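This report refers to the structure that appears directly beneath it.
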Amino acid sequence: DVLIPYFKAGLENGEFCMCIASEPFEAGDVRGEMSRAIPGFSRYLEDGQMEILPYDAWYEIDGVFDAERVHNGWMEKIRQVRERGFRGLRLSGNTFWLEKAGWAAFQDYELAINETIGQHDVIALCTYSLDRCDAGDILDVVSTHQFALARRDGSWKLIENAVLRQTK
């Protein structure tokens, strides 16, 4: 419902798009769904405007999440996007792979990466499965992001970060 129009808009806008996939939608599933829904999608892949990676090729290499390595990876990707002349970086990362034991470290990473992203032409959509989050986790997500979208009773609800709302 969200990822296909999100990436379609970025591709049409001349942005570099990157999707980090995890269960329940593996990289191949994402590629297949986008191919069916976005006209000329294979061309975006061939031209290097769209990249789809499994989580264990970006976030959790060899079973280890290293926040500094991931942060440096984003910085390098931003540099490459600029060099290649794209209008910006549009990304999405699925966090289904994240285990409870790594939750606090990942939230610290999210806070740090928000500072970096805010200084560049980057749009990020972080997806969290409600099946893997308790109420405290949801509060963490809302507090580390500008806003959250949650599906409730079949429709999407916008939840703004209190600091952002106050700033407005």
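The values are calculated or read from the model by the stated rules, or taken from the named source; none is laboratory data. Bear in mind that the values here come from a model prediction, so they are computed numbers and not experimental data. As a convention, Cβ positions derive from the backbone with ideal geometry for all residues, glycine included, and neighbour counts pool all protein chains shown. Ligands, DNA and RNA are excluded from the accessible area calculation, which covers all protein heavy atoms including side chains. Shrake-Rupley method; radii C 1.70, N 1.55, O 1.52, S 1.80 Å.
Within the group LYS77, LYS8, which residue is in contact with a Leu (Cβ under 9 Å, 6 or more places away or on another chain) and at pLDDT 95 or above? Please lay out each step first, then the result.
Details: LYS8 fails: in contact with a Leu (Cβ under 9 Å, 6 or more places away or on another chain).
Being in contact with a Leu (Cβ under 9 Å, 6 or more places away or on another chain) and at pLDDT 95 or above holds for just one of LYS77, LYS8, which is LYS77.
Residues in segment 11-23: is at least one within 18 Å of TYR128 (Cα to Cα) and free of Cβ contacts under 8 Å to residues at least 12 places away in the same chain? Give the derivation first.
Initial filter on segment 11-23 (within 18 Å of TYR128 (Cα to Cα)): 18-23.
With free of Cβ contacts under 8 Å to residues at least 12 places away in the same chain added as a condition, the list becomes none.
No: zero hits.
Could we say that GLU51 is open to solvent by 30 Å² or more (accessible area, probe 1.4 Å), at pLDDT below 95 and over 26 Å from ARG152 (Cα atoms) here? First the steps, then the outcome.
Details: open to solvent by 30 Å² or more (accessible area, probe 1.4 Å): yes; at pLDDT below 95: no; over 26 Å from ARG152 (Cα atoms): yes.
The answer is no for GLU51.
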task: Please work out which residue is most open to solvent (accessible area, probe 1.4 Å), limiting yourself to segment 76-95 and to residues that are part of a loop (DSSP other than H, G, I, E, B) and farther than 25 Å from ARG132 by Cα.
output: ARG87
task: Could you grab me the full set of residues in segment 96-109 that are over 15 Å from TRP58 (Cα atoms) and either in contact (Cβ under 8 Å) with a residue 12 or more places away in the chain or among the hydroxyl-bearing types (Ser, Thr, Tyr) (or both)?
output: GLY102, TRP103, ALA105, GLN107, ASP108
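Just the residues that are outside any helix (DSSP H, G or I) and at pLDDT below 95, please, taken from segment 56-74. Let's see the steps before the verdict.
To start, the set of residues in segment 56-74 that are outside any helix (DSSP H, G or I) comprises 58-66.
Matches in segment 56-74: TYR59, GLU60, ILE61, ASP62, GLY63, VAL64, PHE65, ASP66.
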- line: Of the listed residues (GLU15, GLU46), the one being touching a Leu at 6+ places or on another chain (Cβ under 8 Å), among the acidic types (Asp, Glu) and modelled with pLDDT of 95 or more is GLU15
field: segment 61-75, subset surrounded by 10 or more Cβ atoms within 10 Å (Cβ to Cβ) and among the charged types (D, E, K, R), residue farthest from ALA104 (Cα to Cα)
entry: ARG69
- request: Pairs only if they're at least six apart or on different chains, beta carbon under 6 angstrom, first in segment 24-42 and under 13 Å from GLU12 (Cβ atoms), second surrounded by 13 or more Cβ atoms within 10 Å (Cβ to Cβ) and polar (S, T, N, Q); list them, first residue then second.
  value: PHE41/SER35
Residue among ARG79, ARG132, ARG87 that is in contact (Cβ under 8 Å) with a residue 12 or more places away in the chain, among the charged types (D, E, K, R) and under 19 Å from GLY10 (Cβ atoms): ARG87
statement: Just one listed residue, out of SER35, SER22, SER42, is closer than 11 Å to PRO54 by Cα and out of contact with any His (no Cβ under 6 Å at 6 or more places or on another chain), and it is SER22
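With the requirement that a residue be among the hydrophobic types (A, V, I, L, M, F, W, C), in contact with a strand residue (DSSP E or B) (Cβ under 7 Å, 6 or more places away or on another chain) and in contact (Cβ under 8 Å) with a residue 40 or more places away in the chain, what does segment 43-73 give you?
Filtering segment 43-73 for residues among the hydrophobic types (A, V, I, L, M, F, W, C) gives 45, 50, 52-53, 57-58, 61, 64-65, 67, 70.
Right, trim to in contact with a strand residue (DSSP E or B) (Cβ under 7 Å, 6 or more places away or on another chain) and you get 50, 52-53, 58.
If the condition is that a residue be among the hydrophobic types (A, V, I, L, M, F, W, C), in contact with a strand residue (DSSP E or B) (Cβ under 7 Å, 6 or more places away or on another chain) and in contact (Cβ under 8 Å) with a residue 40 or more places away in the chain, then MET50 is the only one that fits.
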message: One residue is enough: does segment 96-111 have a residue meeting the conditions open to solvent by 30 Å² or more (accessible area, probe 1.4 Å), at pLDDT 80 or above, outside any loop (DSSP other than H, G, I, E, B) and over 19 Å from ASP66 (Cα atoms)?
response: no
